[in-house]
Amino acid sequence: MQANYTDPELVAAVGPRVRKSPFFDCTVRAGLTAVSCYNHMWLPMSYGDPDAEYRRLTESVSMWDVAAQRHIAVRGPGADALVQYATAIDTTPVGVDEGAYAPMVDQYGILINDPVLLHLGPDDWRFSAADGDIGLWIKALAAERRADCLVTELDTATVAIQGPRADAVMRDLDVDVDGMESLSIRRSTIDGLAVMVGRSGWSSQGGFEIFLDDPRGAGRLWARIEEAGTHHGIGPGAPNPSERIENVLLSYGTDTGYDADPFELGLDGTIDLDGEDFIGRDALRTLRSNGAARRLTGVVVAGARMETLPHPVPMSAGAEVLGELRAAAWSPRFGANLGLALVGGGVDLGTRASALLPGGLRDLTTVSLPFDDADIRPL
């Protein structure tokens, strides 16, 4: 094993194979410096100053282009039954203009996506999807079951407003958000554009997502939000690795890999194995009986401030491989490097290990989740 290695700094080749967001030009003007490919689209990842972006998100307000968070619509008389079959939750309690976190598994019980499911009206549902081709999956299920419904991927342009000042920005946009509960939906207009507003977003700082189904108005929407947020300190941002790890917001594919089941990921409280049938339910019952082979755990990475981990790395204790460090980043709130790891079910909290990170070998210690309950001592 090498003692040192570094990842190359690469430039994304922006071309027709990976779609641009309707907000792409707006983000470039705002100073976009890094992107990731997500749902076959470019997802902004940084505007060049991670510390400033973290402060905006946690102290004032940040606006994100998250159009890569695709919307899969299921509409028609058979929509209710198909949506229930496709998700590992009981969809019955999800009322109109409400949403729910809705993990999806395959026939073997392996997590294949963890979207937010939105119920917009009778026989009208949407999956706001994590990175994965679940539109194709749901279309296949519909064809197999001869479901009387239409499954389509919408060209919804989504912008997130996240942070402690998010409510104030929404009020200045003349959007009534008073009394909105988590994952609820309201219809409104912004600058004459018909939008839906959800109390949602991939941060723990509070905020909203604005769904614009006509992407031709994306530039107007972006400009209006910038204007309304100016005296609240708004600025561009993106899903923030430090903030989301601090608060253990699961990232499908990043933290989970593509072979984990809900029990390994601590999602057993979100799925319903005793209600309506869904694809993978019997497999999950068997997995529950057998017990999880792995579990998601917290990790403290020793040493000086590290860059965000670019890819998973094995973590070992001597010659024994304990699992994989899936994600890690510097945490301003805890003053330490924090990570999320998938480790064997027998690995105890407090276990010491090591992993080869860019820049060299680092010592690790497993800790409980959430990190707020762990004894984390600043460097």
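The values are calculated or read from the model by the stated rules, or taken from the named source; none is laboratory data. Please read these numbers as outputs of a predicted model, since none were measured by experiment. Here Cβ is always computed from backbone atoms with ideal geometry, including for glycine, and neighbour counts include all displayed protein chains. Note: accessible area is taken over every heavy atom of the protein model, side chains too, but ligands, DNA and RNA are not part of it. Shrake-Rupley method; radii C 1.70, N 1.55, O 1.52, S 1.80 Å.
Side notes on the structure shown:
- Entry note, segment 110-224: relative contact order of 22 percent, from Cα contacts under 8 Å with a spacing of 6+ residues.
- If both residues of a DSSP beta bridge must be in the chain, then about 95% of such bridges are antiparallel.
- Between Thr33 and Arg17, the modelled label-to-label distance comes to 2.7 nm, taking each label 7 Å out from Cα in the direction of the beta carbon.
- Net length gained if the chain between Asp155 and His231 were fully extended (0.36 nm per residue, minus Cα distance): 24.3 nm
- Where labels lie 7 Å past Cα in the beta-carbon direction, separation of Glu320 and Asp25 in nm: 5.9
- Probing with 1.4 Å while keeping every protein chain in the model, the per residue accessible area of segment 319-369 equals 38 Å².
- Sparsely packed chymotrypsin sites (Phe, Trp or Tyr not before Pro) within segment 38-143, loop by DSSP, other Cβ within 10 Å at most 15: Tyr108
- The share of accessible area on the chain that comes from carbon and sulfur is 49 percent, using a 1.4 angstrom probe.
- If R0 equals 30 Å, the separation of the Cβ atoms of Arg146 and Leu273 corresponds to a calculated FRET efficiency of about 0.70.
- Computed FRET value (nearest 0.05) for Arg333 with Asp106, which takes r as the C-beta separation and R₀ as 30 Å: 0.25
- For segment 114-134, the residues whose backbone nitrogen is under 16 Å from a point 7 Å from the Cα of His40, taken along Cα to Cβ, are 129-134.
- Whole-Å distance, taken between Cα centres, linking segment 31-64 and segment 329-379: 24
- The residue list Ala157, Gly201, Gly135 was ranked by how far each Cα lies along the charge dipole of segment 123-203 toward its positive end, using unit charges on Cβ atoms, and Gly135 comes out on top.
- Here the calculated FRET efficiency for Thr308 and Asp124, from their Cβ-Cβ distance with R0 = 45 Å, stands at 0.70, rounded to the nearest 0.05.
- Using θ = phi - 60° in the Karplus curve 6.51 cos²θ - 1.76 cosθ + 1.60, the 3J(HN,Hα) couplings for segment 151-162 round to 10, 9, 8, 8, 9, 5, 9, 10, 10, 9, 10, 10 Hz; x is entered for Gly and Pro.
- A simple spin-label model places pseudo-atoms 7 Å from Cα toward Cβ; at Asp259 and Asp178 they are separated by 5.4 nm.
- Placing a label point 7 Å from the Cα of Leu10 along the Cα-to-Cβ direction, the residues of segment 352-373 with a backbone N closer than 17 Å are 358.
- Interchain or long-range residues, amide H under 5 Å from Ala260's placed H: Leu111
- P(r) weight above 26 Å for the chain, C-alpha pairs, percent: 54
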